[in-house]
Amino acid sequence: MTTFDTDFCVVGGGPGGLALALMLVRSGARVVVVERSASMNREYRGEILQPGGQMLLDQLGVLAGARRRGCHVHGRFRLAEKGRSLLDIDYRRLAAPYDHLLSIPQRHVLEELLDQCRAYAGFRYLGGAKAAELVQENGAVRGVRAGEHEVRAGCVIGADGRFSKVRRLAGIEGDRIDVFDFDVLWCKLPDPDPEPGVPDVRIFRDGGNPVIVYRSWPDSVQIGWTLPHRGYREIAARGFAHVKREIMRSVPPYAGLIERELTGMRQLSLLDVFAGSAREWTREGLVLIGDSAHTHSPLGAQGINLALQDAALLHPVLVGSAGRAGLREYERARRADIDTVMRLQVMQAKGMLAGRGPAAWLRPKAAGLINRTPIGDKILRRIAYGPRPISVRSDLFVSN
């Protein structure tokens with residue numbers, strides 16, 4: 001077994017983990033990233049970057065390179081029903097240059113982050129290494145055993161997703177909160193001839209279950225068909241032809257594309273939508289970030305945003321001398337932020353995805369009225385940037 005001694009061990013090479021690794025290594029720390037996948041050829045979910053996430057990546061000098069690898073700009077988020085726009089959230093009301101949503105393959109962001117991390121002698125990346133055990137001494141976490149490696153570190157950061165292995169190894173319970181009454185069945189279909197003049201992220205409510213649609217790089221479209229929470233087994237039992245017909249009925253502008261390109265259930269990926277929170281985010285020598293600490297609905301595209309914000313807020317705590325008290329204060333303040341985001345996501349779900357009844361008509365109308373007021377501007381900014389301003393502490397960086 002190969003042993004590494006380092007300042008920080010980040011388990012999970014996603015956006016939050018690699019962004020934090022880059023901040024730490026630029027601050028003069030030694031960092032080892034442990035990632036279970038051997039390559040970037042793995043399944044990804046989130047592709048939409050909110051303005052807040054774009055800003056943080058830009059402050060790290062990563063955004064431009066990631067964008068050059070390929071992306072789509074979306075100026076608006078729209079809720080449509082039978083050709084009528086029920087709600088139109090125009091991101092162009094925000095200040096440039098972050099006045100849009102960005103549909104960008106997560107791989108493009110990760111490759112750019114990893115390339116920049118590798119420019120530093122203090123950085124090491126262990127791909128294809130699955131965390132199997134935490135090294136613990138006197139009740140404190142002192143490292144990770146992963147594959148043929150043992151990484152001894154001053155602090156271990158669990159950034160390994162909603163089903164975090166680090167969280168389980170630490171024996172930290174995670175509370176699942178079923179506040180959302182839908183799941184999402186995703187597919188990504190080739191679409192070389194897209195609708196002209198519609199560069200928006202949209203939700204269609206055309207008689208079936210609401211459907212989320214947006215352009216995906218390079219020539220594809222992402223389609224997310226919502227279905228009742230935990231209702232997939234019942235729907236799938238009726239067969240692929242039934243599922244396909246229902247998706248086509250729910251999103252008429254894309255019915256022809258779906259008929260032509262969706263050929264089997266293996267093209268569909270089910271996202272179990274729930275909220276969740278680890279009961280502890282920090283321990284002596286351990287901290288959880290992103291989905292490892294808190295899990296969210298895909299509505300509002302908050303997952304990557306929140307993970308990048310976690311990294312930016314945690315970075316000065318880790319490189320400072322606040323110790324355990326600093327980690328506890330980070331957790332206390334960040335939990336308040338996450339609770340605010342969760343309430344906003346529940347409000348969005350009720351307003352946009354209610355498919356039937358008076359509320360399905362009334363809530364979007366009310367949201368549309370609010371959207372045209374200063375309160376609407378405030379809500380938009382909160383969705384885009386989060387409950388409070390967060391920036392990368394580049395003043396803590398040292399020369400390469």
### Query
Does Val73 satisfy being of a type in the set (A, V, I, L, M) and in contact with a Phe, Trp or Tyr (Cβ under 9 Å, 6 or more places away or on another chain)?
no
#### Entry: Selection status of Ala275, touching a residue at least 12 places away in the same chain (Cβ under 8 Å), open to solvent by less than 40 Å² (accessible area, probe 1.4 Å) and in contact with a Pro (Cβ under 7 Å, 6 or more places away or on another chain)
no
## Note on the structure
Among residues of the stretch 171-180 being in contact with a strand residue (DSSP E or B) (Cβ under 6 Å, 6 or more places away or on another chain) and assigned to a loop (DSSP other than H, G, I, E, B), the residue least open to solvent (accessible area, probe 1.4 Å) is Ile172
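Among strands (runs of 3 or more DSSP E) lying entirely in the stretch 181-253, which contain 1 or more residues that are open to solvent by 20 Å² or more (accessible area, probe 1.4 Å) and not acidic (Asp, Glu)?
Output list reads 182-190, 211-216, 220-228.
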### Matching residues in the stretch 35-65 - criterion: being among the polar types (S, T, N, Q) and either assigned to a loop (DSSP other than H, G, I, E, B) or free of Cβ contacts under 8 Å to residues at least 24 places away in the same chain (or both)
Ser37, Ser39, Asn41, Gln50
### Query
If you take the residues of the stretch 110-164 that are surrounded by fewer than 16 Cβ atoms within 10 Å (Cβ to Cβ), part of a strand (DSSP E or B) and among the acidic types (Asp, Glu), which of them is modelled with the highest pLDDT?
Glu133
### Task
Evaluate the following for Arg30: is it touching a helix residue (DSSP H, G or I) at 6+ places or on another chain (Cβ under 8 Å), of a type in the set (D, E, K, R) and open to solvent by 10 Å² or more (accessible area, probe 1.4 Å)?
no
## Note on the structure
Checking Arg167, Arg107 in turn, the sole residue that is open to solvent by less than 40 Å² (accessible area, probe 1.4 Å), basic (Lys, Arg) and not in a strand (DSSP E or B) turns out to be Arg167
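The values are calculated or read from the model by the stated rules, or taken from the named source; none is laboratory data. Keep in mind the model is a prediction, meaning the values are calculated, not measured. Using ideal geometry, Cβ is built from the backbone for each residue, glycine included, and neighbour counts are taken over all protein chains shown. Heads up: the accessible areas ignore ligands, DNA and RNA and are worked out on the full protein's heavy atoms, side chains in. Shrake-Rupley method; radii C 1.70, N 1.55, O 1.52, S 1.80 Å.
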